[in-house]
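One structure is given here, and the rest of the page talks about it.
The values are calculated or read from the model by the stated rules, or taken from the named source; none is laboratory data. Fair warning: this is a prediction, and the values are worked out from it, not measured in the lab. With ideal geometry, Cβ positions are generated from the backbone for all residues, glycine too; neighbour counts draw on all protein chains shown.
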């Protein structure tokens with residue numbers, strides 16, 4: 001995979017901090033209210049998503065299928081995104097979330113980091129880490 005900084009660099013315009021905050025707030029509100037039709041308007045038709053350990057997802061239709069599958073599994077998902085940086089047209093943010101896992105009925109928490117490359121006010125590339133654990137239980141890690 002090419003780095004997000006070099007991907008289509010000639011056709012991107014720098015994004016201001018306030019524009020990046022507004023874009024993240026919009027994504028967050030649409031996700032938290034279940035407004036997936038408007039949420040999906042924020043993605044280009046040829047978007048590429050590299051989400052956690054999942055296989056690469058290509059195209060808006062495949063991303064929508066992925067989002068709907070997540071919503072089915074993660075009931076009541078409430079997301080909070082925090083802008084950490086803007087480099088050119090790439091947003092760097094952290095996120096935290098809470099939800100109920102529909103398979104286990106456990107309350108869950110999660111957090112991660114995202115890189116979101118924007119062109120013409122739409123996401124063309126989204127890379128995300130995803131760390132999750134049951135609320136109130138000790139966290140597990142491969143490293144401790």
Based on what the data block shows, is residue 20 surrounded by fewer than 18 Cβ atoms within 10 Å (Cβ to Cβ), modelled with pLDDT of 95 or more, out of contact with any helix residue (DSSP H, G or I) (no Cβ under 8 Å at 6 or more places or on another chain) and in a helix (DSSP H, G or I)?
no
The lone exception for residue 50 - which of (1) touching a strand residue (DSSP E or B) at 6+ places or on another chain (Cβ under 8 Å); (2) part of a helix (DSSP H, G or I) it fails:
(2)
Every listed condition ((1) under 20 Å from residue 25 (Cα atoms); (2) touching a helix residue (DSSP H, G or I) at 6+ places or on another chain (Cβ under 8 Å); (3) exposed (fewer than 14 other Cβ atoms within 10 Å of the Cβ)) holds for residue 102 save (1)
Is one or more of the residues making up the stretch 37-47 surrounded by fewer than 14 Cβ atoms within 10 Å (Cβ to Cβ) and in a helix (DSSP H, G or I)?
yes
